[in-house]
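Colleague: First the structure, which I've put down as structure tokens, then a few questions once you've had a look.
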Amino acid sequence: MNQKTPVAHEEWSSSTAFILAAAGSAVGLGNIWKFPYMAGMNGGGAFVLVYLLAVAVVGIPTMMAETMMGRRAGRSPLNAMPFLAREAGQGSWWRIIAVMGLVTCFLILSFYSVISGWVMYYLAAMPMGYLQDADPAEVFQSLLANPMLLLGLHTLVMALTMLLIGRGVSKGLELAARWLMPALFIVIVLLVLYAATLKSFGAGVRFLLHFRLADITGQTLLMAVGQAFFSLSIGMCVIMAFGAYAPRTLRRKDGGQQRISIGFMIVVVALIDTAVALLSGLAIFPMVFEHGLQAGEGPGLVFVTLPMAFAQMKGGMVLGTFFFAMVFFGALTSAVSLGEPPVAYLTERGMRRSHAAALVGGLLWFLGIGTVLSFNLWSDYTFLGRTVFDNFDFVSSVILMPIGGLLIALFAGWVMPEALVRDELSMRSVALYRLWRWVLRYITPVAIAAVLGYGFYTNPLVA
Ligand code: PHE
């Protein structure tokens, strides 16, 4: 493709649409499933504290850089990186950021779809009363032990995801975010209000917020930073792809034009993401404690412990149905964002969007079989002590995303011409712009490198 001609992509219809879509990408299984169970396993408040720090120091600056790079280039990541590198007088080897990002998208979406399939199953099983009558631990185990059922669910989720992507930016991605995000928010607030009526609400709050510095270990650091990357969807060019569709100006009521600040939009997105993670914890832990269940259950927290709590409470079937509907909405808008970078790239190469979505979906479906089998037929096949699923998860969020984030911070902070960066960000406050630039250049890369280094030192690659 000719580097000079901008690629005509659809745009989000407004800055609010961008915020909703980016929040839709960020809010997902990472907030409602992973965050609570990781906090539960890593000492509650200590993990939450490190996580919040990671969002502030690494997450927000990197997310702004990524969006800025996407909007500047107006192309999908694989074409955006060589374009931006050329603009900065650099070789196209910076494309490696996008290549790594694409690999990460494939790894994550392949397992994300399988886990979203579990959510879909629970969403159907909950209102049918299946989870009230049977033992949730058994339901979960028999689901995981059934490769055909998992494959069927994975197929449904992947088809739905690709259908939305195939419809395009405004009719597919934006439409999903516009309806599903507000619905999710309403449900989570209702669930927290319910949790607040329980005797164990205080215990839940304490668990999330109380910490001792001694509880912070190398493992906590590594996991919290990996989780920040995963939860904010950064370091893998997904937000860069979304940034490419972000509008630059806004028409004011008086008819004038106003530049849209990337800083503002991204801070809103990060706040929404963090709020949903914390609210999920606030909804889940009181319910879990109220029924004498354990917080440190791990990945089964939402699929086993929580259904046990729902089974014991009055109106649990209704609450549970709302809960899983909410998780499913969040998962779907994230899945859609994970599939967008490869599809956008193929459309730039002249392929029809619907064909590109079908092709990418087919490849991902195939790759997802690895995760489906990790829980049953292949559960004994491990590499470095991990199943296929565990390896995909570990390699993507603990290794590839932080390395991608590091390179993005270095590129935006040190390589791109400053005048251009500043113009594209369009922040109104000079002081905040300077703060961003300083953090991005000096703090973010050092923090990521230190955590990666320390993590590998204390936590060997072998599980
Ligand atoms: N942020 C999403 C979540 O928390 C997952 C995701 C990761 C989406 C990376 C896009 C890119 O569920």
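Colleague: How many Å³ per residue does the convex hull of the Cα positions in the chain occupy?
Modeller: Taking the convex hull of the Cα positions in the chain, it is 144 Å³ per residue.
Colleague: Using a Förster distance of 41 Å, how high is the FRET efficiency between E418 and A137, based on the Cβ-Cβ distance and rounded to 0.05?
Modeller: Computed FRET efficiency for E418 and A137: 0.15.
Colleague: Quick one: net charge of G45's neighbours, Cβ under 14 Å, K/R +1, D/E -1?
Modeller: +1
Colleague: Same structure, new question: Picking from S337, A431, Q132, whose Cα lies most toward the positive end of the charge dipole for the chain (charges on Cβ: Lys, Arg +1; Asp, Glu -1)?
Modeller: Most positive-ward Cα: A431.
Colleague: Another question, if that's okay. At a Förster radius of 51 Å, what calculated FRET efficiency corresponds to the Cβ-Cβ distance of M313 and V430, to the nearest 0.05?
Modeller: 0.45
Colleague: Moving on to the next point. Under a plain spin-label model, where a point goes 7 Å from the Cα along Cα-to-Cβ, how far apart in nm are A203 and L163?
Modeller: Reported label-point gap for A203 and L163 is 4.3 nm.
Colleague: Could you tell me what fraction of 2.2 N^0.38 Å the Cα radius of gyration of segment 288-433 comes to, as a two-decimal ratio?
Modeller: Ratio of Rg to 2.2 N^0.38 Å for segment 288-433: 1.48.
Colleague: Could you pull out the trypsin sites (Lys or Arg not before Pro) across segment 244-314 that fall in loop regions by DSSP (anything but H, G, I, E, B) with no more than 13 other Cβ atoms inside 10 Å?
Modeller: Those satisfying the criteria are R252, K253, K314.
Colleague: On alpha-carbon atoms, Rg over Rh for segment 1-133 using Kirkwood Rh?
Modeller: Result for segment 1-133 is an Rg/Rh of 1.07.
Colleague: Moving to a separate point now. Working only with C-alpha atoms, what are the Rg and Dmax values of segment 362-443, expressed in angstrom?
Modeller: 20.1, 57
Colleague: Next question. Ignoring ligands, DNA and RNA, what accessible area per residue does the chain give at 1.4 Å, in Å²?
Modeller: Accessible area per residue: 39 Å².
Colleague: Give me the distance in nm between label points sitting 7 Å out from Cα along the Cα-to-Cβ direction at Q258 and W438, one decimal.
Modeller: About 2.8 nm, to one decimal.
Colleague: Are there any helices in the chain, counted as whole DSSP H runs, that stretch 27 Å or more along their axis by Cα and score at least 1.6 on average by Kyte-Doolittle, and if so which?
Modeller: Flagged H segments are 96-125, 147-166, 175-196, 262-290.
Colleague: Taking the Cα centre of segment 334-446 as origin, sum charge times position over the Cβ atoms of Lys and Arg (+1) and Asp and Glu (-1), and report the length of that vector in debye to the nearest 20.
Modeller: Its charge dipole is roughly 380 debye.
Colleague: Please compute the net charge surrounding R437, taking Lys and Arg as +1 and Asp and Glu as -1 over other residues with Cβ under 11 Å from its Cβ.
Modeller: Charge balance in the 11 Å sphere: +2.
Colleague: Let me ask something else about it. Identify the trypsin sites (Lys or Arg not before Pro) of segment 176-220 meeting these criteria: DSSP loop state and at most 16 other C-beta atoms within 10 Å of the C-beta.
Modeller: K199, R212
Colleague: Go ahead and run the numbers for FRET between A183 and Q294, Cβ-Cβ distance against an R0 of 35 Å, rounding to 0.05.
Modeller: 0.70
Colleague: What percentage of all Cα-Cα pairs in segment 180-283 are separated by more than 24 Å?
Modeller: Value for segment 180-283: 47 percent of Cα pairs lie more than 24 Å apart.
Colleague: Could you give the length gained by full extension between Y454 and M148, i.e. 0.36 nm per residue of separation minus their alpha carbon distance, to one decimal place?
Modeller: 106.1 nm
Colleague: In addition: Among 329-335, 171-177, what's the highest-first ranking by average C-beta atoms within 10 angstrom per residue?
Modeller: 329-335, 171-177
Colleague: How many percent of Cα pairs in segment 148-210 exceed 16 Å?
Modeller: Cα-Cα pairs of segment 148-210 separated by over 16 Å account for 67 percent.
Colleague: I would also like to ask the following. Once the dipole of the chain is set up with Lys and Arg at +1 and Asp and Glu at -1 on Cβ about the Cα centre, which of V267, W33, V415 lies farthest towards its positive end?
Modeller: Positive-most Cα among the choices belongs to V415.
Colleague: Answer with one residue from G44, A85, W118: the one whose Cα lies farthest towards the positive end of the charge dipole of segment 21-134, charges on Cβ with Lys, Arg +1 and Asp, Glu -1.
Modeller: A85
Colleague: Tell me, in nm to one decimal, what length is gained between F383 and E10 on full extension, where the rule is 0.36 nm per residue of separation less the Cα-Cα distance?
Modeller: Roughly 130.1 nm would be gained on extension.
The values are calculated or read from the model by the stated rules, or taken from the named source; none is laboratory data. No experiment lies behind these values; they were computed from the predicted model shown. Heads up, the Cβs are rebuilt from the backbone with ideal geometry, glycines too, and the neighbour counts pull from every protein chain shown. Areas reflect the complete protein model, heavy atoms only, side chains present, ligands, DNA and RNA absent. Shrake-Rupley method; radii C 1.70, N 1.55, O 1.52, S 1.80 Å.
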